[in-house]
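Heads up, the thing below is written out as structure tokens.
Values quoted throughout were computed directly from the atomic coordinates according to the rules given, and no laboratory measurement underlies them. Note that this is a predicted model, so its numbers are computed, not measured. With ideal geometry, Cβ positions are generated from the backbone for all residues, glycine too; neighbour counts draw on all protein chains shown.
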Amino acid sequence: MTTAAIIVAAGRGQRAGGGVPKQWRELAGRRVADWTIAQFSGRVDHIVLVLSAEDEHFWQEFKQTGFILALGGSDRASSVKNGLDALAGMNIEHVLIHDVARPCVGERVISDVLTALETHAAAAPGLAITDALWRGDGDIVTGVQDRSGLFAAQTPQGFHYDPIVEAHAAHPGGAADDVEVARAAGLDVAIVPGDADNLKITRPEDFARAEQILGQTMDVRLGNGYDVHRFGDGDHVVLCGVDVPHDRGLQGHSDADVGMHAVTDAIYGALAQGDIGRHFPPSDPQWKGAASEIFLRHVVELAGQMGYRISNIDCTLVCEFPKIGPHADAMRAEMARIMDLRVDQVSVKATTSERLGFTGRSEGIAALATACLVKS
């Protein structure tokens with residue numbers, strides 16, 4: 001399944017103050033747009049940024065990043081249509097359409113929309129209205145409105161790509177959002193629970209609230225791992241889950257997968273939860289010869305239980321032999337499978353110790369790993 005996110009960032013709204021469009025104002029040390037982009041990076045396959053023709057500086061900046069750029073239109077609907085057109089021919093299955101001014105959108109909202117698209121043609125987050133609603137004329141209440149069945153719309157709004165392209169092509173324009181466009185084309189839109197923190201920055205005071213939300217949620221953890229196993233009898237070694245032919249094997253209580261052990265310890269370290277030995281003591285005979293995948297899966301599940309997602313993993317294998325390069329892609333794929341990550345979130349590389357030390361004497365293999373975790 002190929003998924004893209006269209007981030008609509010062409011607006012010129014000045015109600016939020018600051019003298020520049022709100023998406024380019026600073027928020028908690030970064031621009032609003034940077035926060036919003038970061039929420040989708042790593043969660044979708046492609047990101048389209050819809051930019052105003054007036055923002056020449058930002059066109060030049062983002063051309064260097066690998067994002068797909070599209071020109072903003074005269075209104076939101078035409079901007080979205082241009083973003084959809086920029087994805088033509090790329091075999092996109094699902095598309096998320098998001099307002100750049102919602103930098104606090106959380107992983108749960110994005111995930112819920114994508115999950116709903118597995119069974120619906122369209123889905124969008126909404127907050128059930130709980131306050132009493134009035135109608136008014138100026139500062140005078142003229143009536144009340146029944147709030148039953150009413151929701152406050154949020155983004156990202158998700159769609160199967162081809163139907164929403166057709167819906168926009170057929171729509172006369174002027175829609176408040178893409179759900180209105182979809183419904184006009186006869187598409188049913190599933191409602192998933194919104195999030196009160198997923199605010200749209202509109203007024204100056206919204207910046208203070210958004211900064212508070214982002215300050216609470218941006219919990220980034222780093223951990224490092226190191227492991228060593230000596231060579232012994234055998235005809236292969238297991239490295240990062242891949243059997244690599246060699247004239248010797250690695251010795252250890254489990255399968256001696258030095259790379260996977262280092263990665264596992266890096267994640268435990270980021271969580272401040274000790275190391276493999278704490279959770280799987282080598283003194284316990286049940287772990288003798290165990291597949292290291294058991295240990296890695298355990299720490300990945302533990303991270304999820306503690307509210308963290310793995311952003312990326314970097315593993316370096318230190319050895320003279322066997323040669324790692326021909327097997328590195330298979331190792332990345334296997335590690336990504338076990339951790340339920342994309343392959344581009346996993347790095348496996350190798351180096352030698354210039355024939356110095358035990359690795360230089362081909363007495364064993366060492367591995368170093370770094371893990372980055374982000375609070376969900």
Note to self: I'd like to check something: does the stretch 59-75 contain any residue that is out of contact with any strand residue (DSSP E or B) (no Cβ under 6 Å at 6 or more places or on another chain), farther than 28 Å from residue 28 by Cα and touching a residue at least 12 places away in the same chain (Cβ under 8 Å)?
What the structure shows: yes
Checklist line | Complete set of residues in the stretch 320-371 that are in contact (Cβ under 8 Å) with a residue 24 or more places away in the chain, closer than 19 Å to residue 245 by Cα and under 21 Å from the mean Cα position of the chain (by Cα) | finding: 332, 334, 335, 348
Notebook entry, point to check: Name the pairs whose Cβ atoms lie under 9 Å apart, with the first residue in the stretch 135-163 and closer than 27 Å to residue 1 by Cβ, the second acidic (Asp, Glu) and part of a strand (DSSP E or B), and 6 or more positions between them or separate chains?
Noted result: 154/99; 155/99; 156/99
Check: Taking the stretch 191-222 as the search range and keeping residues that are over 18 Å from residue 309 (Cβ atoms) and of a type in the set (Asp, Glu), which one is surrounded by the fewest Cβ atoms within 10 Å (Cβ to Cβ)?
Finding: 205
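Inspect the stretch 358-371 for any residue being of a type in the set (Phe, Trp, Tyr) and closer than 28 Å to residue 44 by Cα and give the result as yes or no.
no
Return the residues of the stretch 278-319 that are among the charged types (D, E, K, R) and free of Cβ contacts under 8 Å to residues at least 12 places away in the same chain; say none if nothing qualifies. Before you say what the answer is, go through the steps one by one.
First, the residues of the stretch 278-319 that are among the charged types (D, E, K, R): 278, 284, 288, 293, 297, 301, 309, 314.
Across the stretch 278-319, the qualifying residues are 278, 284, 301.
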Next item on the list: Can you tell me which residue within the stretch 92-123, out of those that are part of a helix (DSSP H, G or I) and not charged (D, E, K, R), is farthest from the chain's Cα centre (by Cα)?
Entry: 116
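Looking only at the stretch 222-229, decide whether some residue is part of a helix (DSSP H, G or I), charged (D, E, K, R), touching a helix residue (DSSP H, G or I) at 6+ places or on another chain (Cβ under 9 Å) and more than 30 Å from residue 180 (Cα to Cα). Let's see the steps before the verdict.
Within the stretch 222-229, the first condition is being part of a helix (DSSP H, G or I), and the residues that meet it are none.
Looking for residues that are part of a helix (DSSP H, G or I), charged (D, E, K, R), touching a helix residue (DSSP H, G or I) at 6+ places or on another chain (Cβ under 9 Å) and more than 30 Å from residue 180 (Cα to Cα), one finds none in the stretch 222-229, hence no.
Is it fair to say residue 188 is closer than 26 Å to residue 86 by Cβ and either of a type in the set (Ser, Thr, Tyr) or surrounded by 10 or more Cβ atoms within 10 Å (Cβ to Cβ) (or both)?
No; evaluated as a whole, the condition is false for this residue.
Let's see how each residue does on (1) within 24 Å of residue 198 (Cβ to Cβ); (2) free of Cβ contacts under 8 Å to residues at least 60 places away in the same chain; (3) surrounded by 14 or more Cβ atoms within 10 Å (Cβ to Cβ):
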{"site": "4", "(1), (2), (3)": "yes, no, yes"}
{"site": "10", "(1), (2), (3)": "yes, no, yes"}
{"site": "33", "(1), (2), (3)": "yes, no, yes"}
{"site": "47", "(1), (2), (3)": "yes, yes, yes"}
{"site": "52", "(1), (2), (3)": "yes, yes, yes"}
{"site": "56", "(1), (2), (3)": "no, yes, no"}
